[in-house]
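K.L.:
Pasting a structure below so you can have a look.
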Amino acid sequence: MSVAQRSNRLAWTVIGALLLADLAWMSQTAISVAPWSLIGPLAVGAGLAGLAAFYRVRRREPRLADALDLVGQMTAFMVLSALFSYLVVTPGLPMQDSVLDAADRAMGLDWLAFLRWLDGHAWFARILSFTYASFMPQILLLLVVLPFMGQGRAARVTVLAMILAGVVTISISGLLPALSTFAHYRVDLAEYPQLKPAAAFIHLPDLLAAHAGQPLHLDLMKAHGIITFPSYHAALGLLALLGAWSNRWLRWPLFVVNVLMIVATPIDGGHYFTDVLGGLAIAAACHVCAHRLLLPVASAQRDGGRVPAGVPAAS
């Protein structure tokens, strides 16, 4: 089995299992979705997978096929993971903000002091906000540039790691739900006029409704991120950095952007420092896991430049 076949099978197996879990779980809750906000991205993902198969088998253009495969997988996964993030809080487990705050303090980390410092350094706060909002364009850039530059394996490891990290972070967030730093510390944004955090209080109505088991109708194309611990945003930052590292043109620009994005996560994402550290740990573990899941074939193909009998060439 080629690297492309292996990664497609693993990614779509996780995506299919997540779809079944979402539908089964949603039927037991008061959450509903706008049908096309779910069906549309899934149809796009499936359509891109079909195009990828055409370009791989009929047209023999593996680089284009890799890009189509990976964009399709992330399109389908992101919408399903958004729905999953709402469903996991419906059991209504106790909020853990006090525990996360205590963990920060035990490490000597003061979120409010960081908030005040950033308000006094508006130029840096604006840079952080820009990088925080950059993760979707970054992912699209990686999933197109890496395959077309002959680095399809690196792109496939990155996407599989992002999918695995998403499932893990969202699952944990349901077991350890939290409101966010802005809500826990009762921050009045009027006292910090230089800051415009992307996710301060906007997610709270949906989060509280889902947590309380109240009726909630979602347009998944406009859904707010409601995960506090661990931070999936921080996880994506590290995984994008690792994915870009194999490319000499993207390596250092995306290293800088993603380090800044991770630094931005506590304020722009309303996360405890513990959330960020947890997200980074999960990202590192999932990257290793994804690499090992795809490594057997890749290692065989790199062995002296020869492909053992029975192992097909792959992108």
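K.L.:
Looking at this structure, is residue 232 surrounded by fewer than 20 Cβ atoms within 10 Å (Cβ to Cβ), aromatic (Phe, Trp, Tyr) and modelled with pLDDT of 95 or more?
P.N.:
No: the conditions fail for residue 232.
K.L.:
Further question on the same structure: Scan the range 274-306 for residues that are over 23 Å from residue 11 (Cβ atoms), surrounded by fewer than 21 Cβ atoms within 10 Å (Cβ to Cβ) and either at pLDDT 95 or above or aliphatic (A, V, I, L, M) (or both) and jot them down.
P.N.:
Listed by number, the list holds a single entry, 277.
K.L.:
Touching a Leu at 6+ places or on another chain (Cβ under 8 Å), modelled with pLDDT of 95 or more and under 30 Å from residue 248 (Cβ atoms) - does that describe any residue in the range 199-207?
P.N.:
no
K.L.:
Considering only residues that are surrounded by fewer than 21 Cβ atoms within 10 Å (Cβ to Cβ) and under 17 Å from residue 5 (Cβ atoms), which ones fall in the range 63-79?
P.N.:
63, 64
Conditions tested, residue by residue: (1) of a type in the set (Phe, Trp, Tyr); (2) free of Cβ contacts under 8 Å to residues at least 24 places away in the same chain; (3) under 18 Å from residue 172 (Cβ atoms).
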residue: 224; (1), (2), (3): no, no, no
residue: 232; (1), (2), (3): yes, no, yes
residue: 258; (1), (2), (3): no, no, no
residue: 270; (1), (2), (3): no, no, yes
residue: 273; (1), (2), (3): yes, no, yes
residue: 292; (1), (2), (3): no, yes, no
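K.L.:
A further question follows. Given the residues 47, 92, 40, which is the only one that is surrounded by fewer than 14 Cβ atoms within 10 Å (Cβ to Cβ), in a helix (DSSP H, G or I), small (Gly, Ala, Ser) and touching a residue at least 12 places away in the same chain (Cβ under 8 Å)? Show your work before the answer.
P.N.:
Values: 92 fails: in a helix (DSSP H, G or I); 40 fails: surrounded by fewer than 14 Cβ atoms within 10 Å (Cβ to Cβ).
Going through 47, 92, 40 in turn, the sole match is 47.
Per-residue answers, yes or no, for (1) under 23 Å from the mean Cα position of the chain (by Cα); (2) closer than 15 Å to residue 97 by Cα; (3) hydrophobic (A, V, I, L, M, F, W, C):
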residue: 187; (1), (2), (3): no, yes, yes
residue: 192; (1), (2), (3): no, no, no
residue: 206; (1), (2), (3): yes, no, no
residue: 219; (1), (2), (3): yes, no, no
residue: 223; (1), (2), (3): yes, no, yes
residue: 228; (1), (2), (3): yes, yes, no
residue: 231; (1), (2), (3): yes, yes, no
residue: 238; (1), (2), (3): yes, no, yes
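K.L.:
Name, by its number, the condition in (1) surrounded by fewer than 23 Cβ atoms within 10 Å (Cβ to Cβ); (2) among the small types (Gly, Ala, Ser); (3) modelled with pLDDT of 95 or more that does not hold for residue 225.
P.N.:
Evaluating residue 225 over (1) surrounded by fewer than 23 Cβ atoms within 10 Å (Cβ to Cβ); (2) among the small types (Gly, Ala, Ser); (3) modelled with pLDDT of 95 or more leaves (3) as the failure.
K.L.:
Anything in the range 1-36 that is of a type in the set (Gly, Ala, Ser) and either surrounded by 12 or more Cβ atoms within 10 Å (Cβ to Cβ) or not in a helix (DSSP H, G or I) (or both)? List them, or say none.
P.N.:
Step one: of the range 1-36, the residues of a type in the set (Gly, Ala, Ser) are 2, 4, 7, 11, 16-17, 21, 24, 27, 30, 32, 34.
Selection gives 2, 4, 7, 11, 16, 17, 21, 27, 30, 32, 34.
K.L.:
Between 69, 97, 22, 104, which is in contact with a helix residue (DSSP H, G or I) (Cβ under 7 Å, 6 or more places away or on another chain), among the acidic types (Asp, Glu), under 21 Å from residue 142 (Cβ atoms) and at pLDDT 95 or above?
P.N.:
Exactly one residue qualifies, and that residue is 69.
K.L.:
Going by the structure shown, is residue 155 among the aliphatic types (A, V, I, L, M), in contact with a helix residue (DSSP H, G or I) (Cβ under 8 Å, 6 or more places away or on another chain) and surrounded by 22 or more Cβ atoms within 10 Å (Cβ to Cβ)?
P.N.:
Answer is yes for this residue.
K.L.:
Also, quick follow-up: Just give me the residues in the range 50-105 being farther than 21 Å from residue 168 by Cα and of a type in the set (Asp, Glu), in sequence order.
P.N.:
Hits for the range 50-105 are 61, 66, 69, 101, 104.
The values are calculated or read from the model by the stated rules, or taken from the named source; none is laboratory data. What you are looking at is a predicted structure, and each value in this text was computed from that prediction instead of being measured. In this analysis, Cβ positions are derived from the backbone assuming ideal geometry, glycine residues included, and neighbour counts consider all displayed protein chains.
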